[in-house]
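Structure first, then comments.
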Amino acid sequence: MHKTGATRYQKFLKSEKAKTKLKGKKELPKGTNVTKTNFKVKKIVIQEQLKKHGRTEILSSKKLNVKELLTRLSHFNTNARMEALSGLKELIPLRNNSLEVNLGQFIHGVTPLVLNIEKNVRRESIKVIHLALTHVSTEKIDPFFDVLSTYLRSAMTHIDNRIQEDSLLFLDVLLLCTPQLIAHDFHKIIPNFLDMISKLKDANQGRTLTVNLNSQITSVKWRVKVFHRLQQFLHKFAECNDVYKTEQLSDKTQVFNIKNKNNFPLFNPIYTSICTVSCFSSKSSQNSLSDEVEKFQSYVNTLMPLMFDIWLEVRPNVKGDKNIETVINEDAAILLQHVLEVISMLWKLVEYFNKKYPSSLIQNSFIQKYKSLFTQHFVNAFPYVTNVRSHLPKTDLPFEIPITDPKLITENLEICYLYITINPNLNIKNNQKDVIAIFNYIENNFSSNSHDSMLEVAIRIMHKIISEEVSTNWTKSLNIVESLFKKIIWTYCSDSSSSYLKQQMFALLCKIYLNNNLVNFHSSEAFLYWLQILPDVLLDSTISSDTIDILHRLAVSNNKSFNNVVKPKLTNIITNLPKITVSDLKHNNAYYKLFSILYWINSWDIESFELLEKQIINNEYKSDYGSYILDTLKCRGGVS
């Protein structure tokens, strides 16, 4: 019978195959069993951290010096970079010269981290930059500021929204520590603000607003943050260019000093200064002068329509009834506050450039383009109120603090001021509804118990009304501003306001007094009462330099009226004169100008003159003021 299944031989073959096979021994060819010596050797480099530090060298808590920490800023590991930044924070406040010596390497090493993808690295790098800028002078930062400015602009226009948000913190640091340097890059930085809230549709169509779809904050809050920084940026630019510098009375009082050489110019220096005029190309010189104005005007023409559109998005639809308040939510109220601040700053800069380059006509162009749009978007729904939330703010940043005044008095008063400012040639009859609403609101919120900020805005509005730019229409009839004018006078007469505001109101009333075009104001009953108490400022124990300048100007220009109000109180003024102290004394010329007012008193009575003579004999006046008064009266000719 035939056998089935595996045979013994097949089983043997299967077991042999399952065994591990070992390769057979192979002999090397002849000549290959030789040791080669043609290899290359590299030098072993010892890392710097293994080197010994000097005894006087300042080290961090990790035993690293400044150079070692700066080297670790470029490490691929996030924790290593964070440790390096923490080490720099430890060494910077020690005020050693290692930071100044390595300042260039420090800025090139730390500044790029503001673009880092990690949030904690970005925030920590901004803190380190802030700490360094506060310990290094501006002159030493100036050569490296281009690096800071370049990375700032890169962060502001970064594709990542988180880096854009942190770029505003970086901008805060530069505005705080290097305001002059960042103001110098005004035309480089301001276009980036436009890119943060809008995008360019077409060269001819202008810009359109953008919406933050991928961001954790709403578009309104994002625009609030941007506008807050834009207002601060414009403010620093204005400060560095002396935009806020008001025209003050020039102090021409010269005091002769026998010990020193006295040089008194015969001519005004401005008339003898060299005026450089190009004889080759007057056209090119004019273009170079107006280039700055054209750039700024292009920014204004782009930014103003965007702000109108932004406000139109959050403002509720209203019919424009002036008797009904427009209720807006808190986010819209905060946005309104910052938009008005930016418009006010833009207007101040427009006035500045218009004075600097009168031929540019930038102020007239601004008025013609935006006066009707401002009325349409802001004044038609005026005034605004909001509902104040009860929750506390999540952050301590000032621009994120919720609105505390539900009536929005400060914002509404700012709208009043801007409306009067950009409507100098307003036809009051045709716009009577808006004008009445504006002045009714000002009068209803102006009282002696108002906050200082509200009083200051009301005084600023009155200054604008009587200014040369707008006084031709707004002051034709006293009926429009009579109530406000009287309230300012009665507030000045009361003692409820601060000394600063009292000085501001005094300057305003004296400005009205010196303006011959405001005769209808001069005949007001309240104004006549103020004239009677005008000399009382010389009966106080203290007086400011600005008040002395105003009184001196009154005595010189309106001498007859000045004598009429001073003469009845002359004896009391002479009695109090030696006791007066100048509150903000900068130099002794203020006292000389104060005592020179006596020169402009036309007729002296015997009692006042004898009292003054007795004071001089008894040396009641300090320094050489007594002899100065005596010489002044000798020039006058004595008693008439």
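The values are calculated or read from the model by the stated rules, or taken from the named source; none is laboratory data. The structure displayed is predicted, hence computed values, not measured ones. Here the Cβ is made from the backbone with ideal geometry for all residues, glycine too, and neighbour counts use every protein chain on show. To get the accessible areas, we keep the full protein, side chains included, count just its heavy atoms, and leave off ligands, DNA and RNA. Shrake-Rupley method; radii C 1.70, N 1.55, O 1.52, S 1.80 Å.
Annotations
- Residue 160 falls short on exactly one of the conditions (1) modelled with pLDDT of 90 or more; (2) open to solvent by 30 Å² or more (accessible area, probe 1.4 Å); (3) closer than 25 Å to residue 221 by Cα, and that condition is (1).
- Residues satisfying the stated conditions in the stretch 87-117, i.e. outside any helix (DSSP H, G or I) and exposed (fewer than 13 other Cβ atoms within 10 Å of the Cβ): 95, 97, 117
- Filter result for residue 569 (among the charged types (D, E, K, R), open to solvent by less than 80 Å² (accessible area, probe 1.4 Å) and modelled with pLDDT of 80 or more): yes
- Applying the set (1) open to solvent by less than 30 Å² (accessible area, probe 1.4 Å); (2) modelled with pLDDT under 90; (3) closer than 21 Å to residue 240 by Cα to residue 379 leaves exactly one unmet item: (3).
- Matching residues in the stretch 345-373 - criterion: being crowded, with 18+ Cβ neighbours inside 10 Å, in contact (Cβ under 8 Å) with a residue 60 or more places away in the chain and not β-branched (Val, Ile, Thr): 345, 346, 347, 349, 352, 353, 360, 366, 370
- Within the stretch 47-80, being modelled with pLDDT of 80 or more and either surrounded by 11 or more Cβ atoms within 10 Å (Cβ to Cβ) or within 37 Å of the chain's Cα centre (by Cα) (or both) holds for 67, 68, 69, 70, 71, 72, 73, 74, 75, 78, 80.
- Any hit, the stretch 414-430, residues being among the polar types (S, T, N, Q), more than 24 Å from residue 317 (Cβ to Cβ), modelled with pLDDT of 80 or more and surrounded by 13 or more Cβ atoms within 10 Å (Cβ to Cβ): yes
Condition check ((1) touching a residue at least 60 places away in the same chain (Cβ under 8 Å); (2) open to solvent by less than 40 Å² (accessible area, probe 1.4 Å); (3) not hydroxyl-bearing (Ser, Thr, Tyr)) across all residues:
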{"site": "126", "(1), (2), (3)": "no, yes, yes"}
{"site": "133", "(1), (2), (3)": "no, yes, yes"}
{"site": "141", "(1), (2), (3)": "no, yes, yes"}
{"site": "148", "(1), (2), (3)": "no, yes, yes"}
{"site": "156", "(1), (2), (3)": "no, yes, yes"}
{"site": "175", "(1), (2), (3)": "yes, yes, yes"}
{"site": "188", "(1), (2), (3)": "no, no, yes"}
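- Scanning the stretch 432-453 for any residue that is under 21 Å from the mean Cα position of the chain (by Cα) and surrounded by fewer than 20 Cβ atoms within 10 Å (Cβ to Cβ) turns up at least one such residue.
- Filtering the stretch 519-543 to residues that are open to solvent by less than 40 Å² (accessible area, probe 1.4 Å) and in contact with a strand residue (DSSP E or B) (Cβ under 7 Å, 6 or more places away or on another chain) leaves 537, 543.
- Taking first residues from the stretch 505-518 that are part of a helix (DSSP H, G or I) and partners that are open to solvent by 30 Å² or more (accessible area, probe 1.4 Å) and of a type in the set (D, E, K, R), the Cβ contacts under 8 Å between residues at least 6 apart in sequence or on separate chains come to 507/546; 510/553; 514/553.
- Scope the stretch 607-628; condition open to solvent by less than 100 Å² (accessible area, probe 1.4 Å) and either in contact with a strand residue (DSSP E or B) (Cβ under 6 Å, 6 or more places away or on another chain) or in a helix (DSSP H, G or I) (or both); matching residues: 608, 609, 611, 612, 613, 615, 616, 625, 626, 627, 628
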